[in-house]
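Just below is one structure, and these are the notes that go with it.
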Amino acid sequence: MKVKRFIGQNTQEAMQKISDEMGKDAVILNTRKIRQKGITGFFKKPLVEVVAAVDERVPQNNQMLNTQIGRLYSQKQTFSVNENTPAVLKRLENQIELINKLVNRLTHGVSVVENTSRLPVKPAFLSYYEQLVKNEVHEDIAKVIIEKAISFYEEERTEFESCLNKVLLEYLGPSQPLQLPDGQRKIVMFIGPTGVGKTTSLAKMAAIFSIQQQKKVGLITADTYRIAAVDQLKIYAEILEIPLSILYSPKEVVDALHQHRDKDVILIDTAGKSIRDTAQEKEIMELINLSNADEIYLVLSCNTSYAGCKNIIDSYNFLPDYKLFFTKID
Ligand SMILES: Nc1nc2c(ncn2[C@@H]2O[C@H](COP(=O)(O)OP(=O)(O)OP(=O)(O)O)[C@@H](O)[C@H]2O)c(=O)[nH]1
Ligand SMILES: [Mg+2]
């Protein structure tokens, strides 16, 4: 039994290749669409990969079955819907059943042997590779990530997923949690598109600093575009018993910071920005300059696609220096 993959621009092309090379007796084992290699491959139409098999020494009885199938197909019967329709349907049903039986007998005992040398990674780890590619990680990078994780796995013999985590963290670089040295006030601004989790994350950090670390926390919101946005932060501030200042223009940040002069950390929330909103970009820059923010967090949600994140980062290229803050990692 010879098993081979054929690749074509479309199914017809792949089938033609199979027919040319393996002849009419070839059996199709699997078809799937595959991405073309390289960065440009992402933008091209997927290719079609067909795995076909043929018995090079077709046994006598298989030859006979093939002939029977050939005969059935070549009968080219025509059926018309008339008073004989039930009988015609019955005949069709019998023929389909016969074809099924013949195909089953033909393929019985044929085991699909994957040509593993053509797979991007070892078969046992293929699903992880495919998951990365599905999430828009470039095929070459996904392959390197999985191979690195496999080598950790073979060395350490821990769970594969924790090895994969380790590799991904190496790629992302170490996280840089906000440090609050004694006697040094830190001003932190949360910036990013609508709904990524700026306000929620700011509230979580406020809770960690005030409850766990016993730091004096102040909150400022510049998100007065929506009434609900102010209310959302007001509720968190009340629960945590932390003072909140509301800004109706960037200039008011100077006064607000003065009111929070005794705090260890001041967290500033901003309104979600839509892409290329130049008026809002001007406001953000004014706020950054007037507040003299120590840290600017560009908040990105992990459920945003790679292309989406890239777009967002591009649209914030007006920011001076910032850190990426990932939310929704759950
Ligand atoms: N699963 C999950 N949901 C989150 C997380 N952070 C925020 N959310 C949810 O995401 C939604 C938006 O969160 P917000 O904190 O209001 O987002 P925002 O960036 O402040 O939104 P705008 O103020 O409208 O720009 C809410 O339903 C949150 O509950 C997270 O880490 N995980
Ligand atoms: Mg918000």
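The values are calculated or read from the model by the stated rules, or taken from the named source; none is laboratory data. Only a predicted model underlies this, so the values are computations on that prediction, with no experimental measurement involved. Using ideal geometry, Cβ is built from the backbone for each residue, glycine included, and neighbour counts are taken over all protein chains shown. Please note that ligands, DNA and RNA were not included when accessible areas were found on the heavy atoms of the full protein model with its side chains. Shrake-Rupley method; radii C 1.70, N 1.55, O 1.52, S 1.80 Å.
Would you say Ala237 is within 35 Å of the chain's Cα centre (by Cα), part of a helix (DSSP H, G or I), within 20 Å of Arg185 (Cβ to Cβ) and within 16 Å of ligand 2 (Cβ to nearest atom)? Write out each step before concluding.
Working: within 35 Å of the chain's Cα centre (by Cα): yes; part of a helix (DSSP H, G or I): yes; within 20 Å of Arg185 (Cβ to Cβ): yes; within 16 Å of ligand 2 (Cβ to nearest atom): yes.
When the stated conditions are applied, Ala237 passes them.
May I ask you to say which residue of Asp223, Asp182 is within 11 Å of ligand 1 (Cβ to nearest atom) and among the charged types (D, E, K, R)?
Values: Asp182 fails: within 11 Å of ligand 1 (Cβ to nearest atom).
After applying the criteria, what remains is Asp223.
Checking Ala271 against (1) within 12 Å of ligand 1 (Cβ to nearest atom); (2) open to solvent by 40 Å² or more (accessible area, probe 1.4 Å), only one condition comes out false. Which one?
Only one criterion is unmet by Ala271, namely (2).
For region 251-280, give me the residue count where each residue is of a type outside the set (Lys, Arg), assigned to a loop (DSSP other than H, G, I, E, B) and within 16 Å of ligand 2 (Cβ to nearest atom). Walk me through how you get there before you give the answer.
To start, the set of residues in region 251-280 that are of a type outside the set (Lys, Arg) comprises 252-260, 262, 264-272, 274-275, 277-280.
Filter once more, so that each one left must be assigned to a loop (DSSP other than H, G, I, E, B): 260, 262, 264, 270-272, 274-275, 277.
Adding the requirement that they be within 16 Å of ligand 2 (Cβ to nearest atom) leaves 270-272, 274, 277.
Looking only at that region, the number is 5.
Taking region 227-247, which residues are open to solvent by 40 Å² or more (accessible area, probe 1.4 Å) and more than 16 Å from ligand 1 (Cβ to nearest atom)? Outline the logic, then answer.
Going through region 227-247, the residues open to solvent by 40 Å² or more (accessible area, probe 1.4 Å) turn out to be 227-228, 231-232, 234-236, 238-239, 241, 243-244, 246.
Those that are open to solvent by 40 Å² or more (accessible area, probe 1.4 Å) and more than 16 Å from ligand 1 (Cβ to nearest atom): Glu238, Glu241, Pro243.
Only residues that are open to solvent by 70 Å² or more (accessible area, probe 1.4 Å) and either in a loop (DSSP other than H, G, I, E, B) or β-branched (Val, Ile, Thr) (or both): list them for region 284-321, please. Spell out the reasoning first.
Kept after step one, since they are open to solvent by 70 Å² or more (accessible area, probe 1.4 Å), are these residues of region 284-321: 289-290, 292, 294, 303, 306, 310-311, 314, 317, 320-321.
Result: Asn292, Asp294, Asn303, Asn317, Pro320, Asp321.
Restricting attention to region 154-169, which residues are without any contact (Cβ under 8 Å) to a residue 12 or more places away in the chain and over 17 Å from the mean Cα position of the chain (by Cα)?
Residues satisfying the conditions are Glu154, Glu155, Glu156, Arg157, Thr158, Glu159, Ser162.
Which ones in region 116-126 are surrounded by 11 or more Cβ atoms within 10 Å (Cβ to Cβ) and in a helix (DSSP H, G or I)?
So the first thing to find is which residues in region 116-126 are surrounded by 11 or more Cβ atoms within 10 Å (Cβ to Cβ), and the list is 119-122, 125-126.
Matches in region 116-126: Phe125, Leu126.
Of the numbered conditions (1) open to solvent by 10 Å² or more (accessible area, probe 1.4 Å); (2) within 16 Å of ligand 2 (Cβ to nearest atom); (3) under 17 Å from Met189 (Cα atoms); (4) over 32 Å from the mean Cα position of the chain (by Cα), Phe325 fails exactly one; give the number of that condition.
Looking at each condition in turn, Phe325 falls short on (4).
Do any residues in region 181-199 that are of a type in the set (S, T, N, Q) have Cβ atoms under 6 Å from those of residues that are within 9 Å of ligand 2 (Cβ to nearest atom), where the two are at least six apart or on different chains, and which pairs are they?
Thr194/Gly272; Thr199/Gln232; Thr199/Leu233; Thr199/Asp269
Mind listing just one residue for me: the one in region 158-192 that is at pLDDT 90 or above and among the polar types (S, T, N, Q) and, of those, nearest to Glu295 (Cα to Cα)?
Among those that are at pLDDT 90 or above and among the polar types (S, T, N, Q), it is Gln179.
So the check is Cβ under 9 Å with 6+ separation or different chains; which pairs have a first residue in region 129-152 that's on the phi > 0 side of the Ramachandran plot and a second one that's part of a helix (DSSP H, G or I) and open to solvent by less than 40 Å² (accessible area, probe 1.4 Å)?
none
Given the criterion more than 16 Å from ligand 2 (Cβ to nearest atom) and buried (at least 20 other Cβ atoms within 10 Å of the Cβ), identify the matching residue among Ile187, Ile220, Ile208. Write out each step before concluding.
Values: Ile220 fails: more than 16 Å from ligand 2 (Cβ to nearest atom); Ile208 fails: buried (at least 20 other Cβ atoms within 10 Å of the Cβ).
Among Ile187, Ile220, Ile208, only Ile187 is more than 16 Å from ligand 2 (Cβ to nearest atom) and buried (at least 20 other Cβ atoms within 10 Å of the Cβ).
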